[in-house]
Structure formats: structure tokens, C-alpha cells
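Below is one structure, written out as C-alpha cells; the observations come after it.
The values are calculated or read from the model by the stated rules, or taken from the named source; none is laboratory data. Nothing here was measured: the structure is a model prediction, and the numbers come from that model. A quick note on method: Cβ atoms are made from the backbone with ideal geometry, for glycine too, and the neighbour counts reach across all protein chains shown.
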């Protein structure tokens, strides 16, 4: 994906933004609900020109980020791994229930995440168990979606890619066609399944069309006619 991260200084504050080059006519800027700044631009526009554009929108960006922090700031607080906390899996908020007892286990009924452990005050143990549970969800769900979306690409000579999962910061996914790997952001597990499908489909299409050309978007639309709607939900964080 032709995406880079750049930064500018606005009134002494360093603002990082994601710049994606794609076949668009105008510069477009969006402050997403997760607090990230996204800009799309035509490849004919230099990065310096994009920086100037972002600087001109500095007041709007700062106001939007301030409103975000005031209204949703509580969501960025570190997890305490206590009963009542919410964890999103495939777009659904699951409440954590910490239960002290003789056994140690973690499971979910689709409404709650039940964390059983001997010492409910052991922060490190709770963090380890919840993190392991979420990682398992990533491997299971992402693997299922890849298995469902991959088959049509076989006739284009695409071997089934290996799947890697890691914290990617501002990107939901990336791919390396030469070595046959798709890498997904672990936070993608929070999004609805149809958004996960979109990201994986997007990356699979890059194995045939490595850039964001007109042919790429036509190819993506052929497999997923509603990809724009799915992308909008993902970018705006409507599921949070």
C-alpha cells in the first residue's frame, strides 16, 4: 500500500498524519474518531505540498482532536483489567468479569469475558491472560476470514499468504507479495467482521495489482462491491 507517515508542527505541537497516495482529484483530510489524522492525495502532489495543506487546516485539526479527547478520552486510558471494563471483539463490546477462585482460565459467552484466577489483585497475571485471549481471537478470526476470502484468488496464481499479526500503529494492514505475507493490526479484532473482511480482501487484491491504480479499485469492487461502506465504518471508528 502506498502509505507513509509524516508530521508537521502546528503552534508548537507535533502532529503526525497518515498520507495515502491514490487516484483522487483533490486533497482530502480527515480526523478520525480514534484521534488519527488521515490525508489522501494524488501521486502528482509532492509531500511538501501536502504538508502545507495540513498546516492550513491546523486550526480544524487541533479543534477536532480536542473535542475527541474531551468526549472519548476515557477510551485511551490504560486497561486496569477489572470487572466492568469493555473489550471489543468483531464490533461487539464484551464486559470483563474477574472471578477469584481456585482455577485459572479465561473464556467468553459472547457477552462477557470471564477471567478466573487465584488472586484477583495480580495485575500482571490478569494482563497476561487477557492479552493471550485477545491474541487467540485475532489468530482465530483473521484466519477464518482469510480462508473464506482467499479461494477466488487461486485462479490468478496467488498462493495462500501467511498471516502475521502485530501492533501496527496507524495502519490496519499491509502485504508483502514477494514473500507471500499479509500483516494485520491486532486492533483490527475490535472492528466488525465485515470490516475485517474488507482489510484482508484489500491486501489480497494487492497480490494481483500492487498499487492503488484504477485497475486495483476495479478489481476490489468486483470482489467486494460495498468496500467503500466497509472502509468508512472502519476509518470513522463507528463500531467503538
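For the range 8-33, what are the residues that are more than 21 Å from residue 174 (Cα to Cα) and within 22 Å of the chain's Cα centre (by Cα)? Across the range 8-33, the qualifying residues are 15, 28, 29, 31, 33. Which numbered condition in (1) without any contact (Cβ under 8 Å) to a residue 40 or more places away in the chain; (2) surrounded by 14 or more Cβ atoms within 10 Å (Cβ to Cβ); (3) touching a strand residue (DSSP E or B) at 6+ places or on another chain (Cβ under 8 Å) is the only one that residue 162 fails? Just one mismatch for residue 162, condition (2). Residues in the range 170-183 that are more than 8 Å from the chain's Cα centre (by Cα) and either surrounded by fewer than 21 Cβ atoms within 10 Å (Cβ to Cβ) or within 20 Å of residue 131 (Cα to Cα) (or both): 174, 176, 177, 178, 179, 180, 181, 183.
Within the range 94-138, the set of residues being in contact with a helix residue (DSSP H, G or I) (Cβ under 9 Å, 6 or more places away or on another chain) and either within 24 Å of residue 194 (Cα to Cα) or not in a strand (DSSP E or B) (or both) comprises 104, 107, 108, 113, 118, 119, 120, 134, 135, 137, 138.
Apart from one condition, residue 144 fits all of (1) in contact with a strand residue (DSSP E or B) (Cβ under 9 Å, 6 or more places away or on another chain); (2) without any contact (Cβ under 8 Å) to a residue 40 or more places away in the chain; (3) within 27 Å of residue 107 (Cα to Cα); the exception is (1).
Taking the criterion of being touching a helix residue (DSSP H, G or I) at 6+ places or on another chain (Cβ under 6 Å) and assigned to a strand (DSSP E or B), the residues of the range 164-208 that qualify are 165, 173, 175, 182, 184. Of the numbered criteria (1) under 18 Å from residue 3 (Cα atoms); (2) modelled with pLDDT of 95 or more; (3) touching a strand residue (DSSP E or B) at 6+ places or on another chain (Cβ under 9 Å), the one residue 205 fails is (3). Candidates in the range 67-93 are the residues that are in a loop (DSSP other than H, G, I, E, B) and either over 19 Å from the mean Cα position of the chain (by Cα) or under 14 Å from residue 134 (Cβ atoms) (or both); of these, the one that is modelled with the lowest pLDDT is 79. If the condition is being over 15 Å from residue 87 (Cα atoms) and either under 26 Å from the mean Cα position of the chain (by Cα) or free of Cβ contacts under 8 Å to residues at least 12 places away in the same chain (or both), then the range 108-124 contributes 121, 122, 124.
Here the range 2-28 is the region considered, the condition is being touching a helix residue (DSSP H, G or I) at 6+ places or on another chain (Cβ under 8 Å) and within 30 Å of residue 178 (Cβ to Cβ), and the residue that is modelled with the lowest pLDDT is 4.
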